[in-house]
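Below: the structure, in structure tokens.
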Amino acid sequence: MKKRDQIVIWVDYFNSRLGRRRGRRVPLSLAARNPTLDDLRRAAEAMGLRVIAARDARRPGRPGERSGYIQVSKVDGRTKQSLVRDMAKSLMRVKGAPQ
């Protein structure tokens, strides 16, 4: 269950195969090809964030797909979008070279 002191970050936010209208939140230059929940979890942990993962969750914008999400604690003074951008950069390091 979602908590108020947590931010929900869906795997779809980083998928280069999705358009912005279908849920991608980062520019293509920061997106990864078909990232997994484990990739996202490792990227968040590399940033020093505490992670709670939900594997079989379906994002409301794509109810036919089980992409999953992670919950991370809110960081003082940071917006969700700035956290998502930094996580995209960390995801690129975790997955290797840009794809």
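222 nm [θ] for the chain, helices only, -39500 (n - 2.57) per DSSP H run of 4+, per residue, to 500?
Value at 222 nm, helices only: -8500 deg cm²/dmol.
Can you say what percent of the DSSP beta bridges in the chain, counting only those with both residues inside, are antiparallel? Round to 5.
Around 90 percent of the beta bridges assigned by DSSP in the chain are antiparallel ones.
Just checking my list (i) 22, 20, 14; (ii) 87, 12, 6; (iii) 18, 17, 13 against semi-axes √(5λ) of the Cα gyration tensor in Å computed from this structure; which label fits?
(iii)
PRE reach from ARG55 (point 7 Å along Cα→Cβ): which of the range 1-33 fall under 18 Å by backbone N?
From the range 1-33, the list is 1, 10-12.
Taking amide hydrogens as modeled 1.01 Å from N in the peptide plane, which residues meet the under 5 Å criterion relative to GLY23, leaving out close sequence neighbours?
Sorted by chain and number, the residues that satisfy this come to none at all.
Determine, for each peptide in 13-21, 32-40, 73-81, the mean count of other beta carbons within 10 angstrom over its residues, then list the peptides with the highest first.
Ranked by mean Cβ neighbours within 10 Å, highest first: 32-40, 13-21, 73-81.
Every read-out reported here was derived from the displayed coordinates using simple, explicitly stated rules and does not represent laboratory data. Please read all numbers here as calculations on a predicted model, not as lab measurements. When we count neighbours, we look across all protein chains shown, and the Cβ atoms used for this are built from the backbone with ideal geometry, even at glycine.
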